[in-house]
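Only one structure is covered here, and it is reproduced in the block below.
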Amino acid sequence: MCLGIAPELFSLDSDGKAVAAEADERDRPKVESAVVCCPVEAISIED
């Protein structure tokens, strides 16, 4: 899901797990959408 929402911020590692890139404040809306849409609630925002 996160790859579909923000492919510029997430990638898959060799195990097929999503890995987040560093994001800044301008990316926040996309990151917030990824947090809400994550089916396993694996994404959070740390301020």
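The values are calculated or read from the model by the stated rules, or taken from the named source; none is laboratory data. On a predicted model such as this, the values are computed, not experimentally measured, just so you know. Backbone-built Cβ (ideal geometry, glycine too); neighbour counts: all protein chains shown.
Based on what the data block shows, is residue 33 of a type in the set (Ser, Thr, Tyr), touching a residue at least 12 places away in the same chain (Cβ under 8 Å) and either surrounded by 12 or more Cβ atoms within 10 Å (Cβ to Cβ) or touching a strand residue (DSSP E or B) at 6+ places or on another chain (Cβ under 6 Å) (or both)?
Yes: the conditions hold for residue 33.
Among the residues of the stretch 5-30, write down those that are among the basic types (Lys, Arg) and either surrounded by fewer than 13 Cβ atoms within 10 Å (Cβ to Cβ) or at pLDDT below 90 (or both).
Within the stretch 5-30, 17, 26, 28 meet the criteria.
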Task: Among the candidates 38, 2, residue that is surrounded by 13 or more Cβ atoms within 10 Å (Cβ to Cβ), in contact (Cβ under 8 Å) with a residue 40 or more places away in the chain and in contact with a strand residue (DSSP E or B) (Cβ under 9 Å, 6 or more places away or on another chain) - done: 2
Task: Pair list, Cβ under 6 Å, 6 or more apart: the stretch 11-27 residue of a type outside the set (A, V, I, L, M), other residue in a strand (DSSP E or B) and modelled with pLDDT of 90 or more - done: 11/19; 13/19
